[in-house]
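The values are calculated or read from the model by the stated rules, or taken from the named source; none is laboratory data. These figures come from a predicted structure and were not determined experimentally. Cβ coordinates were reconstructed from backbone atoms using ideal geometry, including for glycine residues, and neighbour counts include every protein chain displayed.
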Amino acid sequence: MFKRILLVAISLFSVVSAFAQDPTFSQYYANKIYFNPAFAGADRGFRTTLNYRNLFTAVPGDFSTFSATIDFSSFAAAGGFGALITSRGEGEGALKTNTYGAMYSYRLTVVPRMWDIHAGIQANYITKRIDWSRFVFSDQLDPVYGAIYQSSAQPPDNLQTGFFDFDFGVMTRFNIKRRKSRKLISNTLGAAVKHVTEPNESLLDRNEGLPRKFNVHYSAIIPLSKRRARNLTFISPNIMYEHQRPLSTFNIGAFVLRTPVMFGVWYRNEGPFFKVDRTDAAVFNFGLKGTNNSGFNYQIGYSYDLTLSRLSGSSGGSHEIALIIELTSLGNSKSRMASKRARNCYNFNGPRNMPKIF
């Protein structure tokens, strides 16, 4: 009986607290337009990503998030377009939240093939729904047989809601030439604001604004091997800071790529500054990356969050899977203006022998 009451409490708590926080992904570098709409169509061709995250596997209930995105570049439109769907469940599946988004990103070339700036805007429609049948109340419980009685608890008048939402982001990419070397260090720096208007998400006719979420991110791609090496090695440091009232997280780490294998380690801290007592998790990532001359690229990644906070003995950690497929030869316009913009497009790959890293 105590176990069932505990499960009910966890479900109810998750439904109440879930209104305040967005889901996040440890492999944020593999789900860029989810965090910042400015990445929509930032690279040539067509790209699709699939991400699945299962949070705290040892905790009863479903705390999983699924994300699917597509985006493509349009040199005729001086930018790119994208679309996004996310779905997440909380508690014993009692609360379900779905987001459907569309975005446009404008590209400004500052220095051809060396420096560009992107600004993106995203419009979303968000739905929230409570499955009342999944709740278990105390008057349903029998000391021996469990939940066998009909509850007298009455559901609220409204078990679902839907509302519009808007996000905005900016991002810049620039190459830095090493002294006495032709090698380039590729850099990406950006920031985004989600839920700009703080829409009302309450299901109980209250004024419960969805808090704005802010994130700032930086990444670099640094070649480590000699320029003429057959299989180059790269290291990519990444930093991500997220803040959504009242919580903040700071992620820092790096992955190493030697085609086709990549692996990485990250550290996540609760708060904007490093404090030992706010350590949240260590994240370990392993993946495979492939490409060919026809413009087909893929990346598969798996990550595990090892919980290091006070929940370390009971959370079970978190699992995450990411898949990226990119077709760089699709969607290239043959108009004169589009061809000129394509020639001046930021050379994210750096030297010709640097492999594409998403």
Looking for something in a strand (DSSP E or B), hydrophobic (A, V, I, L, M, F, W, C) and farther than 27 Å from V196 by Cβ - is there at least one such residue anywhere in the stretch 123-136? no
Go through the stretch 26-47 and give me each residue that's among the polar types (S, T, N, Q) and in contact with a Ser or Thr (Cβ under 7 Å, 6 or more places away or on another chain). S26, Q27, N31
Residue ID - modelled with the lowest pLDDT, chosen from residues in the stretch 258-316 that are assigned to a strand (DSSP E or B), of a type in the set (S, T, Y) and surrounded by 15 or more Cβ atoms within 10 Å (Cβ to Cβ): T291
Filtering the stretch 224-257 for residues that are within 20 Å of N285 (Cβ to Cβ) and in a strand (DSSP E or B) leaves a count of 19
Within the stretch 38-76, the residues that are at pLDDT 90 or above and farther than 29 Å from V256 by Cβ are F72
Could you check, for the stretch 75-98, whether at least one of its residues is surrounded by fewer than 17 Cβ atoms within 10 Å (Cβ to Cβ), over 30 Å from G190 (Cα atoms) and in contact with a Leu (Cβ under 9 Å, 6 or more places away or on another chain)? no
What number of residues within the stretch 143-165 are surrounded by 11 or more Cβ atoms within 10 Å (Cβ to Cβ) and of a type in the set (D, E, K, R)? 1
Some residue of the stretch 229-250 being surrounded by 19 or more Cβ atoms within 10 Å (Cβ to Cβ) and free of Cβ contacts under 8 Å to residues at least 60 places away in the same chain: yes
Taking the condition of being of a type outside the set (G, A, S) and assigned to a loop (DSSP other than H, G, I, E, B), how many residues in the stretch 180-218 meet it? 18
Within the stretch 205-212, is even one residue touching a His at 6+ places or on another chain (Cβ under 6 Å), surrounded by fewer than 20 Cβ atoms within 10 Å (Cβ to Cβ) and at pLDDT 90 or above? yes
Test for L108: is it of a type in the set (A, V, I, L, M), in contact with a strand residue (DSSP E or B) (Cβ under 7 Å, 6 or more places away or on another chain) and farther than 30 Å from K183 by Cα: no
Only one of these is surrounded by fewer than 18 Cβ atoms within 10 Å (Cβ to Cβ), closer than 29 Å to P37 by Cα and among the charged types (D, E, K, R): R178, R107, R173, R113. Name it. R113
